[in-house]
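Below is one structure; the comments refer to it alone.
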Amino acid sequence: MRIKFLQDFIDILRGKRRLSDLEYFKSYLYNYWITNFPSCTVRHWYLRSILGYKIGKGSFVHLGCYFYGKNIEIGEDTVIGRDVTLSGNIKIGKHCSITAKTFIQTSSHILNSPLFEVCDSNLEIGNWVWVGVRSVFVPGVEYIKDGAVVGANSTVTKNVEFCSVVAGSPAREIKKRDPKALKYEQCYMPKWN
């Protein structure tokens, strides 16, 4: 695997591969090497400076996260848990908790396309959203409104409304969250992670 990686890098430098391959290389470098580096400062620098993602002040991206896509934005004071996958066009608001091993995907293939073409969509996750461990978001979900809660191991297949608590596979509303609770700040910043 590492030999292939180095050969791809050399080919890009020598001009044997297209410039679009450089974007792939930058993502590859993060997803297979830098994501496991035990310093959020290094990971955040790479995500902002090299991949061009917007990461708000006070936000934290844990070890092992996988990022793929050109338009990923993380708001202020948001925590992205360990081994989370963000793939596609995703905007996450402020004060959110996206818990470990969550999988968020906004692109897919056109089912009946003879060329198996890719289709992209956008997902906007509001402020104060809490996503439980190992939840899955399928392509086609457009928004998760402010204050929503997604229960652990849920499969989100449709939009989630303001302060809705959803759970299950597929996720269904089970109750409402009190909007008065949407005042907290997480202030999560461990020294080593």
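Listed by first and then second residue, the pairs linking a residue in the range 68-81 that is closer than 18 Å to PRO190 by Cα to a residue that is surrounded by fewer than 19 Cβ atoms within 10 Å (Cβ to Cβ) and of a type in the set (A, V, I, L, M, F, W, C), with Cβ atoms under 6 Å apart and 6 or more places separating them unless they lie on different chains, are GLY81/ALA100. Quick one: in the range 162-188, which of the residues that are among the hydrophobic types (A, V, I, L, M, F, W, C) and outside any loop (DSSP other than H, G, I, E, B) is most open to solvent (accessible area, probe 1.4 Å)? Here the residue is ILE174.
Here GLY58 fits the description: of a type in the set (Gly, Ala, Ser), over 15 Å from the mean Cα position of the chain (by Cα) and within 26 Å of LEU182 (Cβ to Cβ).
Only residues that are more than 15 Å from CYS96 (Cα to Cα) and in a strand (DSSP E or B) were counted across the range 143-159, and they come to 2.
Name the residues in the range 143-192 that are among the polar types (S, T, N, Q) and either touching a strand residue (DSSP E or B) at 6+ places or on another chain (Cβ under 8 Å) or at positive phi (or both), would you? Lay out the reasoning, then the answer.
Of all residues in the range 143-192, those among the polar types (S, T, N, Q) come to 153-155, 157, 159, 164, 169, 186.
Hits for the range 143-192 are ASN153, SER154, THR155, ASN159, SER164, SER169, GLN186.
Return yes when VAL150 is open to solvent by 30 Å² or more (accessible area, probe 1.4 Å) and in contact with a Ser or Thr (Cβ under 6 Å, 6 or more places away or on another chain) and no when it is not.
Numbers: open to solvent by 30 Å² or more (accessible area, probe 1.4 Å): no; in contact with a Ser or Thr (Cβ under 6 Å, 6 or more places away or on another chain): yes.
In short, no.
Screening GLY81 on (1) within 23 Å of VAL133 (Cα to Cα); (2) open to solvent by 90 Å² or more (accessible area, probe 1.4 Å); (3) of a type outside the set (Ser, Thr, Tyr) shows it passes everything except condition (2).
For the range 115-138, a residue qualifies if it is part of a loop (DSSP other than H, G, I, E, B) and open to solvent by 50 Å² or more (accessible area, probe 1.4 Å), and the qualifying residues are LEU115, PHE116, GLU117, TRP128, VAL133, ARG134. How about the range 84-96: which of its residues are among the charged types (D, E, K, R) and touching a strand residue (DSSP E or B) at 6+ places or on another chain (Cβ under 8 Å)? Correct list: LYS91 only.
Taking the criterion of being touching an Asp or Glu at 6+ places or on another chain (Cβ under 8 Å), open to solvent by 20 Å² or more (accessible area, probe 1.4 Å) and within 20 Å of VAL149 (Cβ to Cβ), the residues of the range 84-99 that qualify are LYS91, LYS94, HIS95.
If you filter the range 53-71 down to residues that are touching a Lys or Arg at 6+ places or on another chain (Cβ under 8 Å) and more than 17 Å from TYR32 (Cβ to Cβ), you find that the one that is surrounded by the most Cβ atoms within 10 Å (Cβ to Cβ) is ILE55. For ILE144, the criteria (1) open to solvent by 20 Å² or more (accessible area, probe 1.4 Å); (2) within 24 Å of ARG172 (Cα to Cα) hold in every case but one, which is (1).
The values are calculated or read from the model by the stated rules, or taken from the named source; none is laboratory data. On a predicted model such as this, the values are computed, not experimentally measured, just so you know. Every residue, glycine as well, gets a Cβ built from its backbone with ideal geometry; the counts of neighbours run over all protein chains shown. Protein only, heavy atoms only, side chains kept; ligands, DNA and RNA dropped before computing areas. Shrake-Rupley method; radii C 1.70, N 1.55, O 1.52, S 1.80 Å.
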